[in-house]
Structure formats: C-alpha cells, structure tokens
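Notes follow once the structure below has been shown.
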Amino acid sequence: MTLPLNSLLIMNTHLLFISLANYKKTILLFIFLFFTYAFVFGQNESLHFQEGFAKVTTQGKFGFINQTGKIEVPCVYDYVNDFKNGFAVVREGKKYGIIRKDGSTLVACKYDMCESFSDGMALVKEGSKFGFINEVGEEMISPKYQFAMGFNEGLAVVIVNGKNGYINKKGEQIITPEYDFSLPFSGGLAVVMKDGKYGYVDKLGKEVIALKYAMASAFEEDLAAVKIGEKYGVINKAGKLVVAAKYDDIQGFNDGLAIVSREEKYGIINQNGKELIIPQFDMLDSFTSGVAMFKQGSRLGYIYKTGKELSTSSEKQSKLILASK
C-alpha cells in the first residue's frame, strides 16, 4: 500500500522532530557532563593519585575520586590528606578524624590534630595533650603527654615535664624521660641529646654511642652524619668515623649515596667517603630514577650518579626544567 504524499510528509516531519529532539537531549547531556566535570575537577590543578585515590575539591569542600573518575568519597570535608595504608585524615571545621577508602568513618572528627597511621598507631591531640589511636579506632593511649611523635620501630617519643623519653604501644615507659631532645628510632638506634651533646641509645635505653657530638642525624643505610667541631662526618653503628669531618653539611644516605656541601658547593659521596662528584654545584637535588637536577651558575640540567651530564641546558631549557619542578 502506497501512502499519500501528504501523509509521507507528515510522517517524515514527525520523525525529523523526534531526531532533532533526541539530538538536542544528547547535546544538552554532553554540555551538562562537560560542565559538571569542569566544575568538580577544574578547580584541581592536577590530580595526584595515592593508593588509587586522588583528592578533589568543589565549592570549598574536599573528597576523593578513583582512577576511573568516579567519586568514591563525596566532597563534604573542609580538608583531607591523601590515603595512606588504607586510611585518610579528614577535617570538619577545626576538628580532625579518619576515614576508610569506602568513605566510612573510622574515627569521628573530634581531635584538634591527627596524623596518619605510623607503625599501626596514629598520633592525636586533644586540647594541649597528645595520645595515640590504633587502626581499629580505639584510643590506646589517652592524650596526656606534653608532646609526642609518631611510632617508629615499636616506640614513640614522648615529653614528660620537659624531658624526652620513649613509650611502647601499650603506653609503658621504656626509656626514662631524661633527654633535652630526641628523634624517632631508625635502624634500631635513636638520636638523643643532653646538655647540648648528641649521641645514640638502643631500644633498651642504653647509650651505645656516647653523647659527644655537636649535632647528629638519624641512621640511614646504617650510617649517620655527625658534627664534630664545625664540620660534619659520617659514623657507622659502632660509632666509628668512616668519613672524615670535613663537610659543612651531609644529607642522609639514599641508595648508597649522600649529598655533601663544602664552601656552599654541593657534590656526592659514597658510603666509603669517596667523592663521586666533587662539590661544585650551587644546587643539587636528590636523585630520582638515577638522575638529579643541578644548578651551576646560570646553568640548570641533570646529571647521572657518575657525574656525567644528561644534557647541557640553554637558558630556554633551564626555564623549562624549572617549570617542571
């Protein structure tokens, strides 16, 4: 059966209007999604993913998205830290708490300060006192200390009556508070200071390296920088000086290397004290993936651990390198 021409025209016109309507709906949906994405994510200059989540902000509130862009934790917090070991510190108003990756609350926002979990415990502050909670959300050590640092290697620094000591995860005093300054344990030893002299104690509180240095750093890769007189050298865990005290500063060892400075110039030494790169740079960053950024006069560039330059930078290239930092 052949339809009349006017009927065909009416039908085609009707189909055209339907198609146009659907097209308009598609365009409007696209515009809506585009502006929603721009509104939510446009305020975030760059997305930094940590444990599969990135913090985002919209209308002054913070939340998290996963790597597909799906919002996993709604933007309802006044601030959030990155996820670490499955938990994130969040803030509502002036109070801090902790959430899980599914957005559920582990610890309500009730503390005046809260750190990420370290060694299974998180440092919290209530009023002017410090204590600790565990990963179940239980307050294992009630806030009662003048000051404290996070747990490391099973012990935490606490201050009692102005003196530093150490407690275990049960809150038991392991090392009597008697020091004027101390750092968390690293490699089984901790830096302590009394009467202006630095040394090291073990986990039983025994002073295994005498308090005789003008300054001391935590052990990294079984080595630590110490200040003797006005210069820095390196000792091992037996307290033996393995790198002579001849530098103005020595940074911690990483992958067998340490950045040193002498007369405001920077270079690299190995664990035996050999200068792989003689102090010559005005600035030298830590190595990442085998290369480090340097500045020498007006030149900026990258070097390998051997001291060989990755490239010689022009002024234009230098600006690009700075912009990438």
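Over the Cα atoms, compute the radius of gyration (one decimal) and Dmax (the largest Cα-Cα distance, rounded to a whole number) for segment 112-202, in Å.
That works out to 12.6, 40 Å for Rg and Dmax.
With only alpha-carbon atoms in the gyration tensor, what are the semi-axes of the equivalent ellipsoid for segment 81-137, in Å, largest first?
Details: eigenvalues 54, 35, 15 Å².
For segment 81-137, the ellipsoid semi-axes come out as 16, 13, 9 Å.
Could the peptides 144-152, 236-244 be put in order, highest first, of the mean number of other beta-carbon atoms found within 10 Å of their residues? Don't skip to the end; give the middle numbers.
On the way: 144-152: 18.3, 236-244: 13.9.
Highest to lowest by the protection proxy: 144-152, 236-244.
Could you list Glu72, Glu230 so that the one with the fewest beta carbons within 10 Å of its beta carbon is first and the one with the most is last? Could you put the intermediate results ahead of the total?
Numbers: Glu72 15, Glu230 8.
By the 10 Å Cβ count, ascending, the order reads Glu230, Glu72.
Output the relative contact order of segment 112-202, whole-number percent, from Cα pairs under 8 angstrom with separation of 6+ residues. Could you put the intermediate results ahead of the total?
On the way: 217 pairs, mean separation 14.7, N = 91.
Once normalised by length, the contact order is 16 percent.
Which aspartates and glutamates have a Cα less than 15 Å from the Cα of Lys274, not counting those fewer than 8 places away in the same chain?
Excluding near neighbours in sequence, the set is Asp255.
Every read-out reported here was derived from the displayed coordinates using simple, explicitly stated rules and does not represent laboratory data. All figures in this text were calculated on a predicted structure; none of them were measured in a lab. For neighbour counting, all protein chains shown are included, and Cβ atoms are generated from backbone atoms with ideal geometry for every residue, glycine included.
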